[in-house]
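Worksheet: one structure, shown below.
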Amino acid sequence: MTITDPNHTGPSPLKRWRGPLWGLAMAAALGMAWYEGQTGSTRPAAALPAGPGGAFALTASDGTTFTERNLAGRPFAIYFGFTRCPEVCPTSLAKLARLRAKLGSDGARLAIVFVSVDPGHDKPADIGRYVTLFGTPIIGLTGSETQLAQITKAYGVYVAKVPQPGGDYTIDHTAATYLMDANGQFSNLITHDDTDEAALVKLRQLVS
Amino acid sequence: MTRRILLAAACLPLATLAIAAPAHDYAPHRHSTKAIAISDGWARETAPGQVNGGGFLTITNASYQPDRLIGAASPNAAAVQLHTMTMDGGIMRMRQLVDGIPIPANGSVELKPGGMHIMFMGVRAPFRPGGQIKLSLRFAKAGRVDVTLPVRPVGAMGGMDMNHDHH
């Protein structure tokens, strides 16, 4: 686990290109993280995706087991976060909820999945209540440390518990939404910097 | 009688210093809080069972001296902290600002989504849209400034619209 100081870079003269370039760099970084995650490990037998993704087993908010097979045949947008995150997580989920409404009838085909990577605080029922906040069906999942380590590795998601003064902790985590097609194959990423318009283009590609 | 009028006159400008602040809160601080004004404050809706909530506001310092926001408290939460969020290579990192937030002389600081924010920890009840969250800010020089933050829906980003892109 690496803990680095937050490093804020100033605005670039290539502001116009910052979003796309950053997205590209991000995709490359995540691809590498995914590749490293796969190297030397046994690939899941159920799916052999050409990128982030693959088999997983987690717990749904009603306590039942939820795997990638529950999403078979549906494109899905999956986001990893935690309910104590007051900022980037609600912003990302609210954005998905808002954009799903803009997809029209295709929006209903899309599954939105929220995976809490904070099993220490978030119990399945807590996550179930949390996702109701967004006014659209969202599948809230979590799992044991082992299960979460498996899925975050499969997706190349960075998660690090960071102790806070006073004994509590916060969680640094990848703030991108992974778009997966109906066959469970990686389609695209919605980054935190994507405008609604840019994210909508990616979602339309996914569901059409 | 004259003294009372003078006191009222002295307090009058102070009434504009904070959102929905009872005037008597300012009487003990009337010499020190003059420079700090809070605007555009709001808190984000939380889900039932959600432990933490975010608050956002703009602090304007009209003094020629810099100040520092050093702490906060709220009857609506067990604790209130000052936090910052940064995006670093696609990874979100949230940190407590243990040294507070410097407020430049004759300047302002925005606490807004995607950056610094007020973190309500252990909310007493879910923040529902339309609700009002009380917040006491503590400044190194200006002392205590009380504000009330209206609760906005979870998808709100601040300002008038949802998307704050300037290009």
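Taken together, the values in this text are just the output of simple stated rules run on the coordinates, not laboratory data. This structure is a prediction, so every number in the text was calculated from the model and none was measured. Every residue, glycine among them, receives a Cβ derived from its backbone with ideal geometry; neighbour counts consider all protein chains shown.
Could you line up B:Thr58, B:Thr46 from fewest to most neighbouring Cβ atoms inside 10 Å?
Working: B:Thr58 15, B:Thr46 25.
Fewest to most other Cβ atoms nearby, the residues stand as B:Thr58, B:Thr46.
Relative to the Cα centre, the charge distribution of segment B:59-167, modelled as +1 at Lys and Arg Cβ and -1 at Asp and Glu Cβ, gives a dipole magnitude of about 400 debye. Averaged over the residues of peptide A:163-176, the number of Cβ atoms from other protein chains lying within 10 Å of each residue's Cβ is 4.
List the equivalent ellipsoid semi-axes of segment A:82-208 in whole Å, largest first, each obtained as the square root of 5λ for an eigenvalue λ of the Cα gyration tensor.
Values: eigenvalues 132, 48, 41 Å².
Semi-axes, largest first: 26, 15, 14 Å.
Taking each residue as 0.36 nm, the span from B:Lys141 to B:Ser108 lengthens on full extension beyond its C-alpha to C-alpha distance by 10.4 nm.
Per-residue mean of other chain beta-carbon atoms within 10 angstrom of the beta-carbon, peptide B:94-101? Before the final figure, lay out each step's value.
Details: counts 12, 6, 5, 0, 2, 0, 0, 0.
Neighbouring Cβ atoms belonging to other protein chains average 3 per residue here.
Rounded, prolate or oblate: which one fits segment B:64-115, using the alpha carbon gyration tensor with axes a ≥ b ≥ c (rounded when a/c is under 1.5, else prolate when a/b beats b/c, else oblate)? Taking the square roots of the gyration eigenvalues as a ≥ b ≥ c, segment B:64-115 is oblate. When A:Tyr169, A:Tyr155, B:Tyr64, A:Tyr79 are arranged by Cβ crowding within 10 Å, least crowded first, meaning fewest neighbours, the order is B:Tyr64, A:Tyr169, A:Tyr79, A:Tyr155. With a 10 Å cut-off around each Cβ of B:77-89, the average count of Cβ atoms from other chains is 4.
Arrange the following residues from fewest to most other Cβ atoms within 10 Å of their Cβ: B:Arg93, A:Arg74. Kindly include the intermediate steps, with their values, before the conclusion.
Details: B:Arg93 22, A:Arg74 16.
Least crowded to most crowded, the residues run A:Arg74, B:Arg93.
Summarising the overall dimensions of segment A:59-116 from its C-alpha atoms, the Rg and Dmax are 12.4, 32 angstrom. For the residue pairs A:Lys123/B:Lys112; A:Lys123/A:Lys153; A:Lys161/B:Lys141, alpha carbon separations beyond 31 Å are given by A:Lys161/B:Lys141.
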